Amino acid sequence: MKRIATIFLLAFVAACYSFAQQALWEKAPVTSPEVHADHTVTFRLRAPKAVRVQVVGDFEPFMADLTETDGVWTYTTPQPLPSELYSYSFIVDGLKVNDPSNVFRLRDVGTVSDIFIVGNGTADLYKVNDVPHGSLAKVWYNSPTLGASRRMAVYTPAAYDSNPRKRFPVLYLLHGMGGDENAWSELGRAAQILDNLIAQGKAEPMIVVMPNGNVDLEAAPGEGGNGFVRPTMELPRTMDACFEEAFPDIVKFIDKHYRTIPRKHARAIAGLSMGGFHSLHISKQYPEMFDYVGLFSAAIMPRIDKLPALYQDFDGKLSVQFSKHPSLYWIAIGKDDFLYEENVEFRRKLDRSGYPYEYFETDGGHIWRNWRIYLSTFVQKVSLSERRD
């Protein structure tokens, strides 16, 4: 009896191993997506029992029907796509699914989408090219203000390791609502952008610090002590001044543990959406901390009735900040962004007071395609090299 049980167990294990090997080595049923030489793109999905299949993505047309032949559904974009990093998903009989033939996908808050790159243009900055590469680390630090250990991503340029005596300027790069410390490195391609622009001589070598702007989360969902919580934009202490109040903890940690130039002229802060909001309020709250400020599709004021002290005296704090003559105050937004009018009003406020700033407007809305462009443009404008005041 024992022998029969052992044989049965061995057979079961062998079957599981065989299944695992088959699952591991099984080839994708079709090629999808296929980027053609003319920059049109073909999507394919093998789904012989489906009734209707659509592709939805951040390219025109934003939703399109696939046609079926022998169980394979196909769609080719009618026009070439501009060079960019794109995301998409399939909708099969009303159910959103990822492309089983594409292993490359990204999470944006609670949405997971497949991605692909159309090169020979803007998106070449988002590729890993044959240039010296910096390093990207996930770093834990203690925040005395928040009474918690928290995580951030830190990019150091290639020259950081090759020149161990050199000190470097720092860009603090902040994510949007629902994002985390992974957002700029994954969705924003920050490391690739910096590697490529530094190699081209269009941006100077700098450290880029990407903290988690959600004070209720110590790290990205699934990577902290609270386990596999579902990502959400509805966090209790969002844009309530706690993050801004605790921000000096991050700067002190970076200056202590990295070879920085711990001076205002060698620091920049920028962010998208909520991160732009944080950049605005942090930079005016600590006017001696940052010489370069970038607001990407920024929210301007919090959506709460009773303003915490840090958000009060908005005009007075702006006046103090601009009296310190920041080297660059840069505002960027898309024409279709839902925060467009809020930014128009903010620029009117700056204009009435005669505060100098640069404005950069693009097509499109509140999307990563714009924020990658804004980052690429902003880092070429900052000049953070060491100098003696």
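In Å, the Kirkwood hydrodynamic radius of the range 334-389 over pairs of distinct alpha carbons?
13.3 Å
Give me Rg over Rh for the range 109-267, both radii from the alpha carbons and Rh done the Kirkwood way, two decimal places.
For the range 109-267, the value is 0.98.
Convex hull over the Cα atoms of the range 186-324, averaged projected area in nm²?
It is 9.8 nm².
Using just the Cα positions, wrap the range 78-137 in a convex hull and report its mean projected area in square nanometres, one decimal place.
The orientation-averaged projected area of the Cα hull of the range 78-137 comes to 6.6 nm².
Can you order the peptides 164-177, 138-151 by their average number of other Cβ atoms within 10 Å per residue, highest first?
So the order, starting with the most tightly packed, is 164-177, 138-151.
List, largest first, the extents of the alpha carbons of the range 36-145 along their principal axes, each in whole Å.
Projected onto its principal axes, the Cα set of the range 36-145 covers 58, 35, 21 Å.
Per q in 0.25 1/Å, what log10 I(q)/I(0) does a Debye calculation on the alpha-carbon atoms of the range 48-97 return?
Result of the Debye calculation: -0.97.
How large are Rg and Dmax for the range 210-249 when calculated on the C-alpha trace, in angstrom?
10.5, 29
Using only Cα positions of the range 145-196, each an equal point scatterer, no hydration layer, compute I(q)/I(0) via Debye at q = 0.13 Å⁻¹ and quote the log10 values to two decimals.
Log-scaled intensity ratios, in q order: -0.42.
Tell me which DSSP H helices of the chain clear both cut-offs, 15 Å or more of axial length from alpha-carbon atoms and a mean Kyte-Doolittle hydropathy of at least 0.5.
2-25
Placing unit charges on C-beta atoms (Lys and Arg positive, Asp and Glu negative, everything else neutral), compute the dipole magnitude of the chain about its Cα centre in debye, rounded to 20.
Result for the chain is approximately 1240 debye, rounded to the nearest 20.
Sorted from largest down, what three extents in whole angstroms do the Cα atoms of the range 205-271 have along their principal axes?
So the three principal-axis extents are 38, 24, 18 Å.
Relative contact order for the chain: what percent, with Cα pairs under 8 Å and sequence separation of 6 or more?
About 12 percent, as a whole number.
If R₀ is 51 angstrom, what is the calculated FRET efficiency for the pair ILE304 and GLN79, using the beta carbon separation as r and rounding to 0.05?
0.70
Let's test this: bin the Cα-Cα distances of the chain at 20 Å from zero up to the farthest pair and state each bin's percent.
Bins of 20 Å from zero give 25, 51, 20, 4, 0 percent of pairs.
Roughly how large, in nm² to one decimal, is the mean projection of the convex hull of the alpha-carbon atoms in the range 249-363?
7.7 nm²
Which percent, nearest 5, of DSSP beta bridges in the chain are antiparallel?
In the chain, approximately 65 percent of DSSP beta bridges are antiparallel ones.
What ranking do 257-264, 153-160, 372-379 get when scored by the average of other Cβ atoms within 10 Å per residue, highest first?
Going from most to least packed, we get 372-379, 153-160, 257-264.
Going by average Cβ neighbours within 10 Å, how do the peptides 103-110, 189-196 rank, with the highest at the top?
Result, highest mean Cβ count within 10 Å first: 189-196, 103-110.
Report ³J(HN,Hα) in whole Hz for each residue of the range 53-68, in order, from the Karplus equation J = 6.51 cos²θ - 1.76 cosθ + 1.60 where θ = phi - 60°; Gly and Pro get x.
Per-residue couplings from phi come out as 10, 10, 10, 10, x, 9, 9, 8, x, 6, 9, 8, 8, 8, 10, 10 Hz.
Since every read-out is calculated from the coordinates, none of them should be taken as a lab result. For clarity, every value in this text was computed on a predicted model and none was experimentally measured. All Cβ positions, glycine included, derive from the backbone under ideal geometry; neighbour counts span all protein chains shown.
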